[in-house]
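Participant: Got a structure for you, questions after.
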Amino acid sequence: STYVYHAIILSRANYDRGIAGSPKQQLAKLFEVSLRVTAPEELDIDPAIAPCQNSKFGDYQCNNAMGLWSKVKGKSTQFKNPQQIGQAIKANLPASEMIDGSSIAGPGFVNVKLSDQWIAKCIQNMLRDGIETWAPKLSVKRVVVDFSSPNIAKEMHVGHLRSTIIGDTLARMLEFSNVEVLRRNHVGDWGTQFGMLIEFLFEKFPSLEVVNDQAIGDLEAFYKASKVRFDGDPAFKERAQRAVVSLQAGEEKYLKAWAEICKISRSGYEKVYEHLGVQLEEKGESFYNPYIPNALELLNKEGLIEDSEGARVIFVEGKKIPLIVVKRDGGYNYASTDLAALWYRLNEEKAEWIIYLTDVGQREHFEMLFAAAKRAGWLPAGDSKYPKTSHVGFGLVLGEDGKRFRTRSTETVKLVDLLTEAKSRCKTALIERGKDKAWTEEELDKTAEAVGYGAVKYADLKNNRTTNYTFSFDQMLNDKGNTAVYLLYAHARICSIIRKSGKDIEELKKVWLLPSKLQAVIAFAVLSYDVIFGLIIVLKDWNAFHYCIRNFKTLGSYTLWTGKIDLAHPGERVLGLHLLQFAEVGEESITNLLPNGLCEYLYNLSEYFTGFYTNCQVVGSAEETSRLLLCEATAVVMRKCFHLLGITPVYKI
Ligand code: ARG
């Protein structure tokens, strides 16, 4: 019956709140109970909870009244307008330790102010149990992130840097959410360009044995030279085309030459990954080549593949041009490989979510790929069901002249040079501040590296990824403003406050935050009471249920660990609430695949910390312990943000 249902929701809400979840989620659970009671016949309404625009009115608001009103209008005898629904939602809200007060605004918005003690308690619990307790909760277990993916023999360009940085961050966020991530480098190692490269290699080095990195030298120059040859000499061009066929037929000599070229290219881009601290497993286009015939056969059986002007194609809804899966010459292409890779990831690797990172220019390709997979029934229709695929597109990197980013005479920027330059500029800045005298050479180097690489990553991640952004060393290395330099220094400053207090923070945590045996006994007693009471609710009737939620302060409302962190000062409260919101920001960032949300959060966190620190004396004050714990909590959350953004934290400046 509905009563049983209500009781179950309520006890589940209590239980879930016991095991954390973001404030927003926890509020959503309370409002869910209230909505069920307010409108028992409307079972499909989800609580719509959002932070309040203006903190004057509260911390969060429930926006369901209007929507509910449009559903019950004319039918309900109980409600005459949305305000009344808002009143009812407010009145039916179960009592909870997390809520300090609520009010109605406008056409039925229910504003909620969170309790200071509850916020403090959540922070204490996090310090005690670890930041992992604030990790996002996702419903998937295994995800493929296809990122970086440069093309062999061509220099990695800034677009690949963006793919690498954004992809790594998304992978880190998923890993933090306890998801198994298959980090895949889908390198372009199987195109027709190899015919040309191999033929050129044979021409320059008739004996394959003498080929090595030194012999080929700059692979990019090698590529260009072979292209000149290809375009200029029809006989060479013909040999190159035959070389592709030999390679694809698996002829040993050709395979060996191909492997050699891949190896040289690989050692180039692996240097970039090493600098950036990025883990990737290479499964390039060539890996999926053997799976293409089978994948196409499956699609053919579904009747998806048609002939069009001599090529084999798949038409998808809403697109005039089809997806070409077999070229006119019978060869496979980028799309055939991606279909095979998708099949492999779904069926062999059993991934529930497959995320692709490329510039927005490839959106069309991925839209068609996903549409074809849906037509074939490989993916469910709609976007909310799993397994699902997402294309994470990003904009261009621009130079300060507003054009596509290039340096000096070369057409594209060598990524390693870029990173090295960021680091050396940081080192110079540190030396200017006299750090070469205060620190060891190793400290200087490590700090310059952390700040320099961090700055490059953060400058990329802080923008909404779909927009173009301007690459500027001066901007990204500025120690004021929204940069990694500023943030890393802010973190170091917090660490130094704690250091200078002379207090051992681990000791503080132990003494202040660990529950005593007595508290454990009380917790057990309350929990047993909770279970028994839950049973009574289920066995008794509606009135018992109502009585319970109205008059008993809900059973979750026991405060076992009181008053260690105190958020009496407004500066402390703003900081405390923001700390707590880490969980929901992290979750939104990863579900929307938008790391800039996390950057914005981190920047605000450091601003709120500054606000707190300028107004509240920490060391030597009466509130010293509480405030040191707040400093520590801020540092812990900042470090987790850095970690998720792939930035190495700095502890002193
Ligand atoms: N190699 C491609 C490029 O540089 C990116 C590959 C992206 N991944 C994929 N499965 N198509 O543009």
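Participant: If you check every pair at least six apart or on different chains, which have Cβ atoms under 6 Å apart with a residue in region 179-191 that is under 20 Å from VAL245 (Cα atoms) first and a residue that is among the acidic types (Asp, Glu) second?
Facilitator: Filtered contacts from region 179-191: GLY188/GLU285; ASP189/GLU285; TRP190/GLU285.
Participant: Residues of region 342-355 being away from the ligand (no atom under 12 Å from the Cβ) and either in contact (Cβ under 8 Å) with a residue 40 or more places away in the chain or of a type outside the set (Asp, Glu) (or both), which ones?
Facilitator: Result: TRP343, LEU346, ASN347, GLU349, LYS350, ALA351, GLU352, TRP353.
Participant: Same structure, new question: Which residue pairs have Cβ atoms under 7 Å apart, sit 6 or more places apart or on different chains, and have a first residue in region 303-329 that is among the acidic types (Asp, Glu) and a second that is assigned to a strand (DSSP E or B)?
Facilitator: GLU306/VAL313
So that you can scan it fast, the table gives a plain yes or no per residue for (1) within 14 Å of the chain's Cα centre (by Cα); (2) of a type outside the set (S, T, N, Q):
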position	(1), (2)
HIS160	no, yes
THR164	yes, no
LEU170	yes, yes
MET173	yes, yes
SER177	yes, no
ASN185	no, no
LEU197	no, yes
PHE205	no, yes
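Participant: For the condition of a type in the set (Gly, Ala, Ser), modelled with pLDDT of 90 or more, over 24 Å from the mean Cα position of the chain (by Cα) and not in a loop (DSSP other than H, G, I, E, B), what is the one hit in GLY571, GLY620?
Facilitator: Sole residue among the options that is of a type in the set (Gly, Ala, Ser), modelled with pLDDT of 90 or more, over 24 Å from the mean Cα position of the chain (by Cα) and not in a loop (DSSP other than H, G, I, E, B): GLY571.
Participant: Next question. I'm told GLY101 meets every condition in (1) buried (at least 22 other Cβ atoms within 10 Å of the Cβ); (2) assigned to a strand (DSSP E or B) except one. Can you identify the failing condition by its number?
Facilitator: Unmet for GLY101, out of (1) buried (at least 22 other Cβ atoms within 10 Å of the Cβ); (2) assigned to a strand (DSSP E or B): (1).
Participant: Among (1) within 16 Å of the ligand (Cβ to nearest atom); (2) over 28 Å from PRO206 (Cβ atoms), which single condition is ALA311 missing?
Facilitator: For ALA311, the failing item is (1).
Participant: In region 328-342, which residues are hydroxyl-bearing (Ser, Thr, Tyr) and either more than 16 Å from GLN248 (Cα to Cα) or in contact with a His (Cβ under 8 Å, 6 or more places away or on another chain) (or both)?
Facilitator: TYR334
Participant: Which pairs have Cβ atoms under 6 Å, sit 6 or more apart or on different chains, and link a residue in region 361-373 that is over 13 Å from THR337 (Cβ atoms) and of a type in the set (A, V, I, L, M) to one that is within 12 Å of the ligand (Cβ to nearest atom) and part of a helix (DSSP H, G or I)?
Facilitator: ALA373/LEU342
Participant: Considering only residues of region 370-400 that are closer than 29 Å to LYS462 by Cα and aliphatic (A, V, I, L, M), which is nearest to the ligand (Cβ to nearest atom)?
Facilitator: VAL392
Participant: Looking only at residues in region 378-392 that are over 19 Å from the mean Cα position of the chain (by Cα) and not small (Gly, Ala, Ser), which one is nearest to GLU297 (Cα to Cα)?
Facilitator: Looking at residues that are over 19 Å from the mean Cα position of the chain (by Cα) and not small (Gly, Ala, Ser), I get TRP378.
Participant: While we're on this one: If you take just the strands (runs of 3 or more DSSP E) that sit entirely in region 104-219, which of them hold at least 1 residues that are within 15 Å of the ligand (Cβ to nearest atom)?
Facilitator: The qualifying strands (runs of 3 or more DSSP E) are 142-146, 180-185.
Participant: Quick one: is LEU339 more than 16 Å from the ligand (Cβ to nearest atom) and either among the polar types (S, T, N, Q) or at pLDDT 95 or above (or both)?
Facilitator: no
Participant: If I go through region 53-84 residue by residue, how many of them are free of Cβ contacts under 8 Å to residues at least 40 places away in the same chain, surrounded by 17 or more Cβ atoms within 10 Å (Cβ to Cβ) and in a loop (DSSP other than H, G, I, E, B)?
Facilitator: Going through region 53-84 one residue at a time, the tally reaches 1.
Participant: Let me ask something else about it. Does region 390-403 contain any residue that is in a strand (DSSP E or B), more than 25 Å from GLU220 (Cα to Cα), of a type in the set (A, V, I, L, M) and touching a Ser or Thr at 6+ places or on another chain (Cβ under 9 Å)?
Facilitator: Yes: region 390-403 contains one or more residues that are in a strand (DSSP E or B), more than 25 Å from GLU220 (Cα to Cα), of a type in the set (A, V, I, L, M) and touching a Ser or Thr at 6+ places or on another chain (Cβ under 9 Å).
Participant: Would you mind stating whether TYR356 is of a type in the set (Phe, Trp, Tyr), buried (at least 21 other Cβ atoms within 10 Å of the Cβ), modelled with pLDDT of 95 or more and over 25 Å from the mean Cα position of the chain (by Cα)?
Facilitator: no
Participant: Something else: Of ALA50, ALA88, which residue is under 30 Å from LYS388 (Cα atoms), away from the ligand (no atom under 16 Å from the Cβ) and outside any loop (DSSP other than H, G, I, E, B)?
Facilitator: ALA50
Participant: A further question follows. Being modelled with pLDDT of 90 or more, of a type outside the set (S, T, N, Q) and in contact with a Gly (Cβ under 9 Å, 6 or more places away or on another chain) narrows it down to one of ILE89, ILE99, so name that one.
Facilitator: After ruling out the rest, the residue left standing is ILE89.
Yes or no, residue by residue, for (1) surrounded by fewer than 20 Cβ atoms within 10 Å (Cβ to Cβ); (2) closer than 21 Å to THR169 by Cα:
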residue	(1), (2)
HIS569	yes, no
CYS599	no, yes
TYR603	yes, yes
GLU624	yes, no
CYS641	no, yes
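Participant: Among the residues of region 255-289, what is the count of those that are in contact with a Gly (Cβ under 9 Å, 6 or more places away or on another chain) and among the small types (Gly, Ala, Ser)?
Facilitator: Total meeting the criteria: 2.
Participant: Another one. I need a count of the residues in region 633-653 that are outside any helix (DSSP H, G or I) and under 20 Å from the mean Cα position of the chain (by Cα).
Facilitator: 5
Participant: If you don't mind, another one. Given (1) modelled with pLDDT under 95; (2) more than 16 Å from the ligand (Cβ to nearest atom), where does TYR332 come up short, assuming only one miss?
Facilitator: Condition (2) is where TYR332 drops out.
Participant: I'd like to check something: does region 249-271 contain any residue that is over 39 Å from the mean Cα position of the chain (by Cα), exposed (fewer than 13 other Cβ atoms within 10 Å of the Cβ) and under 30 Å from ALA371 (Cβ atoms)?
Facilitator: Scanning region 249-271, I find no residue that is over 39 Å from the mean Cα position of the chain (by Cα), exposed (fewer than 13 other Cβ atoms within 10 Å of the Cβ) and under 30 Å from ALA371 (Cβ atoms), so the answer is no.
The values are calculated or read from the model by the stated rules, or taken from the named source; none is laboratory data. Predicted model only: the values in this text are computed from it and were never measured. In this analysis, Cβ positions are derived from the backbone assuming ideal geometry, glycine residues included, and neighbour counts consider all displayed protein chains.
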